[in-house]
Ligand code: ATP
């Protein structure tokens with residue numbers, strides 16, 4: 001536990017260490033010293049991440065009648081990125097420390113007023129401090145650094161350059177015409193995609209907050225121009241509903257209206273949804289009105305018409321677009337931070353993750369009170385097998401004493417523990433075929449029939465998308 005922890009506000013180090021210890025998230029290529037900006041998800045991390053993505057897919061796609069999913073190739077013809085403006089404009093301003101040569105984003109360095117030799121502050125002049133070696137550097141014109149990863153499609157030296165996509169949106173726009181031609185949707189409609197994106201960030205940092213390989217959940221929602229404000233509002237509200245569904249408290253989420261000069265080149269309005277991370281209030285998700293920028297640019301770039309024909313009015317036009325864009329990894333981090341709790345239980349301090357059953361990587365743990373009593377183990381296995389058929393995310397644990405098992409499950413956010421004891425076997429005849437069901441948050445154990453216990457677990461996740 002870190003010194004800066006408070007009851008329900010863990011430090012980043014606490015979350016990093018819990019994530020590693022319990023198999024949520026590991027540093028990428030760790031035994032070789034790692035690779036900056038990459039992390040690997042372990043068994044519990046994959047389950048949590050899948051639950052987060054499934055919940056998004058359920059709310060943003062399946063529960064609506066106007067949404068279509070795609071899974072586009074990560075590698076695309078470079079003309080996609082030429083037309084979208086990413087080759088020319090997807091860059092960050094970069095400055096380099098004169099001494100250690102480390103590079104930083106010019107808009108993120110710490111600056112100080114400049115002083116002359118006698119220590120007098122010079123008006124309107126500043127220096128910037130190198131975070132790595134502490135050198136005070138003269139302010140310099142930043143260089144533009146393109147953030148796209150470049151590679152070649154083909155074995156020969158002159159094979160065409162391709163880029164790893166920096167956002168999933170490109171693949172969505174590439175399928176606009178395919179969806180129109182194959183599904184014939186009526187406007188407004190949207191296309192959704194979940195997938196990896198790559199950004200050669202100058203300074204990856206803050207665990208899974210700023211990565212070079214990341215995952216996004218994005219929607220392009222196609223509308224008539226005059227509908228943009230209504231559609232923007234609709235998605236804004238849905239993003240709040242999603243935040244609530246995954247346990248991100250409204251009080252930790254803040255909307256920031258991005259000023260025109262700070263917006264991406266394609267956007268007429270952008271709201272950042274910011275979250276209170278331990279390292280400050282930072283962007284979690286974005287919502288942008290991309291106008292008809294992309295479809296117009298791709299129509300021009302490809303020479304293929306990308307208009308929409310309104311059958312009723314025979315009107316032909318280029319749809320405008322609203323784009324909710326959610327980073328999966330930043331969401332995982334916000335979910336972990338939001339779920340973290342500490343309390344006192346039976347005189348001892350306990351740590352638990354208060355995941356909703358929907359998100360919990362393990363929905364229930366089934367265990368025999370004692371490991372060395374074959375009749376207990378057999379009965380517990382029966383319960384485990386029945387439950388696991390219905391609810392895949394079930395864990396078996398018979399290691400150590402039962403109190404320790406409960407604590408281990410608390411720490412990974414398992415909402416229920418079912419324990420099979422001698423009463424289950426009929427030691428007290430009136431309790432035969434009953435078990436205890438322990439609730440994580442209250443630690444209260446209730447005796448009930450096996451059927452009731454199984455139903456309680458099932459009921460808690462009814463209607464929830466399971467992996
Ligand atoms: P930032 O200003 O923090 O660099 P951005 O404004 O460039 O982010 P967008 O282009 O709006 O981010 O990307 C959409 C979403 O993708 C973000 O809201 C975030 O959730 C996620 N995202 C973007 N860059 C990264 C990254 N390097 N690592 C992890 N997630 C990211």
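Among the DSSP beta bridges whose two residues both lie in the chain, what percent are antiparallel, rounded to the nearest 5?
90
Along its principal axes, what span do the Cα atoms of segment 4-44 show, with the longest given first and each in whole Å?
Each principal axis gives a Cα extent; for segment 4-44 these are 35, 21, 14 Å.
Given a Förster distance of 41 Å, report the FRET efficiency between residue 230 and residue 102 from their Cβ-Cβ distance, rounded to the nearest 0.05.
0.30
Relative to the first principal axis of the alpha-carbon coordinates of the chain, what is the inclination of helix 402-412, with its axis defined by its Cα atoms, in degrees from 0 to 90 and to the nearest 10?
So the helix axis and the longest Cα principal axis differ by about 20 degrees.
Can you give me the convex hull volume of the Cα atoms of segment 242-312, divided per residue and expressed in Å³?
Enclosed volume per residue, from the Cα hull, is 166 Å³.
Could you list 421, 390 in order of exposure, starting from the residue whose Cβ has the fewest other Cβ atoms within 10 Å?
390, 421
Over the Cα atoms of segment 292-420, compute the convex hull volume and normalise it per residue, giving Å³.
Roughly 198 Å³ of hull volume per residue.
What's the angle, to the nearest 10 degrees (0 to 90), between helix 293-302's Cα axis and the longest principal axis of the chain?
Here the helix axis deviates by roughly 70 degrees.
Once each part is reduced to its C-alpha centroid, what is the distance from segment 131-158 to segment 301-336 in angstrom?
Answer, in whole Å: 30.
For residue 442 and residue 161, FRET efficiency with R0 = 45 Å and r from the beta-carbon atoms, rounded to 0.05?
Rounded to the nearest 0.05, the efficiency is 0.20.
Would you order 370, 387, 336 from fewest to most other beta-carbon atoms within 10 Å of each residue's own beta-carbon?
So the ranking, lowest neighbour count to highest, is 370, 387, 336.
Once both labels are modelled 7 Å past Cα along the beta-carbon direction, what's the residue 312-residue 82 spacing in nm?
Here the modelled spin labels are 4.0 nm apart.
With just the Cα atoms defining each centre, how far is segment 11-69 from segment 206-270? Give it in Å.
So the separation of the two Cα centres works out to 19 Å.
How big is the Kirkwood radius of segment 151-255, worked out from every pair of different alpha carbons and given in Å to one decimal?
17.0
As a test of understanding, state the convex hull volume per residue of segment 1-144 from its alpha carbons, in Å³.
264
Over the chain, with a single point scatterer placed on each C-alpha, what log10 of the ratio I(q)/I(0) does the Debye formula yield at q = 0.09, 0.12 1/Å?
Result of the Debye calculation: -0.74, -1.12.
With everything on Cα atoms, drop me the angle between helix 12-21 and the longest principal axis of the chain, reported from 0 to 90° to the nearest 10.
That works out to roughly 60 degrees.
Find how many whole Å separate the alpha carbon centroid of segment 382-447 from the alpha carbon centroid of segment 112-130.
Cα centres, segment 112-130 to segment 382-447: 64 Å.
Coordinate-derived values only; no laboratory data. Note that the structure is a prediction, hence the values are computed from the model and not measured. Please note: Cβ atoms are built from the backbone with ideal geometry, for glycine as well, and neighbour counts cover all protein chains shown.
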